[in-house]
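Comments concern the structure below.
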Amino acid sequence: GSPSSPRSNGRSGGDSSERGGSGGGDNSSQNWSFEEQFKQLYEIDDNPKRKVFLDELFSLMQKRGSPINRLPIMAKQVLDLFELYNLVLARGGLVEVINK
């Protein structure tokens, strides 16, 4: 199934499969399935560029042989990879951000 489904705000707690969590009892986000985290990333906003970016990112990583099978979590929320990418670009790119 495609992770880009129509907007359905809110998590449905009933269908979270217990796959993909590797520990940490107190971090509630670890209980979300990878699919649920994936869906959240796509549904953060309605920006059509978000879907294009995420589709291309996941496709590229799959082709490189290092697919993204766990999404980064910060402050108990899925890290917005699209927003992070845009913020780094706005500050001059990776090298500029690292050097500052």
Residue count, the range 74-97, condition in a strand (DSSP E or B) and in contact with a helix residue (DSSP H, G or I) (Cβ under 6 Å, 6 or more places away or on another chain), comes to 1
Leu71 fails exactly one of (1) part of a helix (DSSP H, G or I); (2) surrounded by 15 or more Cβ atoms within 10 Å (Cβ to Cβ); (3) at pLDDT 65 or above, namely (1)
Can you tell me which of Gly92, Gly20 is surrounded by 11 or more Cβ atoms within 10 Å (Cβ to Cβ), on the phi > 0 side of the Ramachandran plot and either β-branched (Val, Ile, Thr) or modelled with pLDDT of 85 or more (or both)?
Gly92
Go through (1) at pLDDT 85 or above; (2) touching a strand residue (DSSP E or B) at 6+ places or on another chain (Cβ under 7 Å) for Asp80 and report which single condition fails.
(2)
Between residues in the range 46-68 that are within 16 Å of Glu83 (Cβ to Cβ) and residues that are polar (S, T, N, Q), which pairs lie under 7 Å by C-beta distance while being six or more apart or on different chains?
Lys51/Ser4
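The values are calculated or read from the model by the stated rules, or taken from the named source; none is laboratory data. Computed from a predicted structure; not experimentally measured. Heads up, the Cβs are rebuilt from the backbone with ideal geometry, glycines too, and the neighbour counts pull from every protein chain shown.
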